[in-house]
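Every read-out reported here was derived from the displayed coordinates using simple, explicitly stated rules and does not represent laboratory data. Just so it is clear, the structure is predicted and the values come from calculations on it, not from any experiment. In this analysis, Cβ positions are derived from the backbone assuming ideal geometry, glycine residues included, and neighbour counts consider all displayed protein chains.
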Amino acid sequence: MKVLKFGGTSVKSAEMMKQVGEIVKNARAEGQVAVVVSAMSGITDQLINVSTLASQGNDTYQQTLKEIEKKHLQCIQELLPPQHQTRTVATIKMTLNELEDVLQGLFLLKEISPKSRDFVMSFGERMSSAIITEYFKTIGLDALLADGRELIVTDDNFGNAVVDFEETDKRIRKYFSRTDKLIVMGGFIGATVNNETTTLGRGGSDYTGSIIAAALQAKMLEIWTDVDGMMTADPRKVRRTMVLKQLSYIEALELSHFGAKVLYPPSVQPVLAKNIPLKIKNTFNPAAEGTLVARESVDNGSPIKGISSIDTVALISLNGSGMVGVSGFAKRLFSALASGRINVILITQASSEHSITVAINASDAAKAKTLIESEFVQELKSNALEPVVVEQDLSILAIVGENMRNTPNVSGKLFSSLGRNGVNVRAIAQGSSENNISFVTQNADSRKALNIVHEAFFLSDTRVLNIFLVGVGTVGGTLLRQMREQQEYFLHEYNLELRVTGVANSRKMWFDENGIHLPDWKNVLDNNGEAMSLGGFAGKMHEMNLRNSILVDCTASEDVVDLYEESLQRGISIVTPNKVACSGRYELYKRLKQTATQRGAKFLFETNVGAGLPVIKTLNDLTQSGDKILKIEAILSGTLNFLFNEHKAGVSFSSVVKQAKDLGYSEPDPRIDMNGLDVARKILILSREAGAKKEAKDVVSENFLPEECQKATSIEEFFTVLPKYDDHFEKIRSDVEKAGNRQRYVAVYENGNLSTGLRVVGPDSPFYQVEGNDNLVLFWTERYRVRPLIVKGAGAGAEVTAAGIFADIIRIANF
Ligand code: ADP
Ligand code: ASP
Ligand code: MG
């Protein structure tokens with residue numbers, strides 16, 4: 001004997017019922033078979049809905065009832081040959097008349113009891129089983145319809161009835177012993193000894209299957225559903241889940257207990273007791289092997305089998321000195337909860353015995369609070385206990401696996417991966433059997449936490465970076481192109497998925513949790529993007545709450561910097577070429593760095609100095625390895641260097657400035673480069689990274705621009721004024737050249753002093769041979785006392801800057 005249970009989606013339509021017919025036929029060809037079916041998908045919810053509406057005196061229930069009728073009648077029409085339809089239609093209509101009468105009663109009385117609710121809910125399975133039985137007969141199967149209410153005997157805990165196994169098993173065996181036919185029955189429903197209809201809890205058809213299988217000592221219970229088996233996590237919430245080949249009963253039980261809906265938790269017990277293997281199979285893909293649940297767990301290469309979650313959890317805490325050393329507190333607490341039939345999902349108790357916290361279903365919270373308050377009324381009055389605390393909007397997550405107890409550091413890995421991504425854990429419990437570790441988080445963090453943990457345990461070889469890019473001008477646009485070109489490479493060579501989940505320019509913003517298709521980013525942003533606002537961008541980024549999120553700021557804006565702190569607080573890393581934050585007030589720079597460290601996020605700004613050159617990284621490597629910086633001497637403006645290199649005999653200075661702007665080497669306003677401000681900011685940042693507590697005013701800067709140029713009120717005006725000084729600049733240039741020297745704009749940090757200024761250097765100076773827009777940085781340190789450590793190369797341009805930003809992004813993946 002084999003028992004096959006088909007879930008709601010497996011019988012949701014005529015087409016699916018035909019598929020079920022094929023599967024059952026194949027099974028029947030091999031021996032005895034019993035079939036248990038759920039209600040057609042969505043019907044149980046609709047039945048609850050109609051009963052609620054009716055009991056509220058809302059006559060729109062009739063509309064929903066019509067929809068229920070229509071769905072079943074349409075299925076019959078599409079499923080059965082015309083000559084078989086009349087009888088089945090009549091059966092369904094009669095059944096629906098019965099339902100209508102009950103609803104009419106609820107409507108008139110304006111009330112509903114758990115008992116009548118169960119009665120209404122029973123109609124879904126009663127109708128689906130009747131239809132499919134008739135269909136089986138038309139395809140040559142010797143089907144016989146059984147009514148769950150005659151076989152499954154329960155108590156009168158309506159909505160979640162407890163099965164009387166002795167009586168139930170007796171009835172099932174007797175019923176099946178009388179026939180060799182293919183028995184078909186609706187799951188989920190039972191009856192009390194007084195023939196009152198009961199239900200076994202939502203998802204309870206699995207349980208019916210298991211009860212039948214156990215009573216008949218079946219050789220297998222197959223649960224046919226809409227996924228390929230039990231997966232490492234809920235595929236609706238987590239991407240790239242994997243099907244588990246084999247699980248132990250305990251593992252399946254724990255995963256389902258903590259929310260893996262694919263199996264109703266109580267259904268494990270009956271088959272476990274009889275050691276009957278259970279298989280989860282996909283009706284939509286019967287060829288897939290499915291998941292076998294049996295006594296043994298098999299190694300799947302990970303210390304855990306899976307992770308599951310429940311999103312409707314409340315925590316109730318009982319605190320107070322009155323609990324210390326007094327025995328029986330916990331017992332009284334649990335008795336109080338049990339008296340209200342409240343299911344406790346998780347328990348934690350501080351070792352000081354000063355507090356007990358339990359997680360329960362959110363819908364039970366109010367009832368639980370009342371029960372606890374009445375149990376402990378004296379203690380609360382005398383202040384031996386503090387008022388009962390209820391926290392709502394929580395989720396419980398659990399990792400499950402028998403192999404966990406043989407593997408060290410599972411919880412270390414679990415909580416460090418959550419911590420790195422800014423997920424706050426409210427409560428933790430580890431079963432002493434070490435088959436699971438469960439923890440409570442805010443609802444808002446649940447999906448993110450699932451993905452983080454899933455990635456940490458199953459995809460440790462594949463990581464995802466979720467990138468939110470503000471600013472898609474020259475540098476941002478180049479970055480997107482570079483990422484597009486390297487996406488495949490990172491995925492295949494490093495199992496790293498670069499996902500651009502948000503982009504924005506000053507006008508529009510666009511988000512896609514699955515990653516924007518990079519070749520189309522411009523079109524998508526222009527055509528689909530919504531109006532950009534920084535608050536809106538940040539709000540969406542926070543709401544998406546994705547793990548490994550990075551905010552990439554490719555603007556030069558002060559406003560975007562306002563987003564940094566809160567983002568870091570939320571565990572979102574920042575990568576930016578924008579110098580505003582690091583060269584602004586020292587206090588802000590310091591606070592951002594500290595926040596990043598505290599929240600496990602990264603704040604990387606390599607491209608603030610020397611574009612893509614590893615200047616800050618080198619400086620950090622030196623100081624972190626214990627070296628001491630004695631002096632930094634550097635050409636830090638690719639733009640100025642370009643100006644001095646390209647300004648030659650016969651070429652006017654103003655035309656070179658224009659060229660630098662057109663090539664994107666200079667700031668939009670070239671004066672920011674020429675007045676030394678940009679260089680001052682960079683040397684300031686380097687000094688801060690070297691440990692100095694300096695402000696912008698501490699940099700002594702030399703400005704070689706004539707006053708009239710500085711005073712120009714716009715960029716355009718500046719370019720009309722500048723040519724007046726071409727002769728002035730030409731004279732300086734030719735004098736320097738005649739003496740065999742060159743002009744350089746050099747920044748220095750030494751003995752706590754910061755300065756920038758023009759320097760005339762001869763051929764023996766390292767600054768002499770710095771071509772084009774190159775930068776050169778000399779680090780004089782205790783270890784590099786005699787000759788400095790030198791970093792040299794292109795220090796401006798969209799390609800190298802974007803590459804530097806890209807490198808920072810990749811560094812985050814490598815931490
Ligand atoms: P049925 O109607 O067949 O009983 P259910 O909806 O009750 O189906 O259960 C199947 C669903 O369970 C899947 O569609 C899937 O979305 C969900 N699910 C949640 N967690 C898991 C998991 N770990 N593995 C597989 N499916 C899961
Ligand atoms: N139809 C019931 C429900 O939706 C039972 C089941 O499908 O297992 O909960
Ligand atoms: Mg189910």
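Quick notes on this structure:
- Averaging Cα coordinates gives a centre for region 505-529 and one for region 337-395; these two points are 48 Å apart.
- Ordering of 663-674, 119-130 by packing [mean C-beta count within 10 Å, highest first]: 119-130, 663-674
- Among 440-446, 572-578, 399-405, the peptide with the highest mean count of other Cβ atoms within 10 Å heads the list, and the full ranking is 572-578, 399-405, 440-446.
- Full extension of the chain between Ser557 and Glu708 yields a length gain of 51.7 nm, computed as 0.36 nm times the residue separation minus the alpha carbon distance.
- Farthest positive-ward along region 328-396 dipole, Cα basis, beta-carbon charges - from Asn361, Pro387, Ser339: Ser339
- Within straight-line cross-link reach of Lys12, aspartates and glutamates at Cα separation under 13 Å, skipping those fewer than 8 residues along the same chain: Glu78, Glu125, Asp226
- As a calculated quantity, the FRET efficiency between Asn409 and Gln624 at R0 = 30 Å, using C-beta atoms, amounts to about 0.70.
- Whole-Hz couplings from phi, Karplus 6.51/-1.76/1.60, listed for region 138-154; x for Gly and Pro: 6, 9, x, 9, 7, 7, 9, 7, 10, 9, x, 6, 8, 10, 9, 9, 9
- In the chain, inverting the average of 1/r over every pair of distinct C-alpha atoms gives 31.8 Å as the Kirkwood radius.
- Rg(Cα)/(2.2 N^0.38 Å) for region 634-786, N = residue count: 1.06
- One quarter of the surface of the convex hull around the alpha-carbon atoms of region 1-110 equals 7.6 nm², the direction-averaged projected area.
- The chain, relative contact order [Cα under 8 Å, separation at least 6], %: 8
- This ranking places Ser55, Ser549 by how few other beta-carbon atoms lie within 10 Å of each, fewest first, which gives Ser55, Ser549.
- Residues of region 93-117 with amide N under 20 Å of a point placed 7 Å along Cα→Cβ from Asn361: 112-117
- Using the Cβ-Cβ distance between Asn443 and Glu771 with R0 set to 45 Å, the FRET efficiency from 1/(1 + (r/R0)^6) comes to roughly 0.20.
- Charge dipole (debye, nearest 20) of the chain; +1 at Cβ of Lys and Arg, -1 at Cβ of Asp and Glu: 1120
- The ellipsoid equivalent to the alpha-carbon distribution of region 521-677 has semi-axes of 32, 25, 12 angstrom, derived from the gyration tensor eigenvalues as √(5λ) and listed largest first.
- In this simple spin-label approximation, Glu488 and Asn383 carry label points 7 Å from Cα along the Cα→Cβ vector, and these lie 7.3 nm apart.
- Averaged over residues, the count of other Cβ atoms within 10 Å places the peptides 681-688, 745-752 in the sequence 681-688, 745-752, highest first.
- Across region 159-318, Cα pairs under 8 Å and at least six residues apart give a relative contact order of 24 percent.
- Counting 0.36 nm for each residue step from Ala330 to Phe165 and taking away their Cα separation leaves a gain of 56.4 nm.
- The dipole here belongs to region 350-422: it is taken about the Cα centre, uses +1 on the Cβ of Lys and Arg and -1 on the Cβ of Asp and Glu, and is about 360 debye.
- Kirkwood hydrodynamic radius of region 474-591, Cα pairs, Å: 15.2
- Fully extended contour minus Cα-Cα distance, from Arg787 to Glu296, at 0.36 nm per residue: 170.1 nm
- Table column - 3J(HN,Hα) (Hz), region 542-548, Karplus curve with 6.51, -1.76, 1.60, x for Gly and Pro: 5, 5, 5, 6, 8, 5, 6
- Long-range Cα-Cα pairs in region 684-753 (distance over 15 Å), rounded percent: 68
- With each label modelled as a point 7 angstrom along the Cα→C-beta vector, the Asn753-Ser416 pair spans 4.6 nm.
- Here the 3J(HN,Hα) profile of region 620-636, calculated from phi with Karplus coefficients 6.51, -1.76 and 1.60 at θ = phi - 60°, is 5, 4, 5, 5, 5, 8, x, 6, 10, 7, 9, 7, 10, 10, 7, 9, 10 Hz, Gly and Pro shown as x.
- Contact order relative to length of region 645-707, as percent, for alpha carbon pairs under 8 angstrom and 6 or more apart: 25
- Here the Kirkwood formula puts the hydrodynamic radius of region 361-483 at 18.1 Å, using every distinct Cα pair.
- Note on Gln598 and Asn157: with the Förster distance fixed at 45 Å, the Cβ-Cβ geometry gives a FRET efficiency of about 0.35.
- Rounded Å value of the spacing that divides the Cα centres of region 215-235 and region 120-167: 19
- If you take the Cα centroid of region 418-496 and the Cα centroid of region 753-796, the two points sit 40 Å apart.
- Expected 222 nm ellipticity per residue - DSSP helices of 4 or more, -39500 (n - 2.57), all of the chain, to 500: -13000 deg cm²/dmol
- Here the simple spin-label model places points 7 Å from the Cα toward Cβ, and for Glu111 and Ala696 these points are separated by 7.4 nm.
- Evaluated at q = 0.13, 0.24, 0.27 Å⁻¹, the base-10 log of the normalised Debye intensity for region 357-407, with identical point scatterers placed on the Cα atoms, takes the values -0.49, -0.92, -1.06.
- Ranked Thr781, Thr198, Thr370, criterion: other C-beta atoms within 10 Å, fewest first: Thr370, Thr781, Thr198
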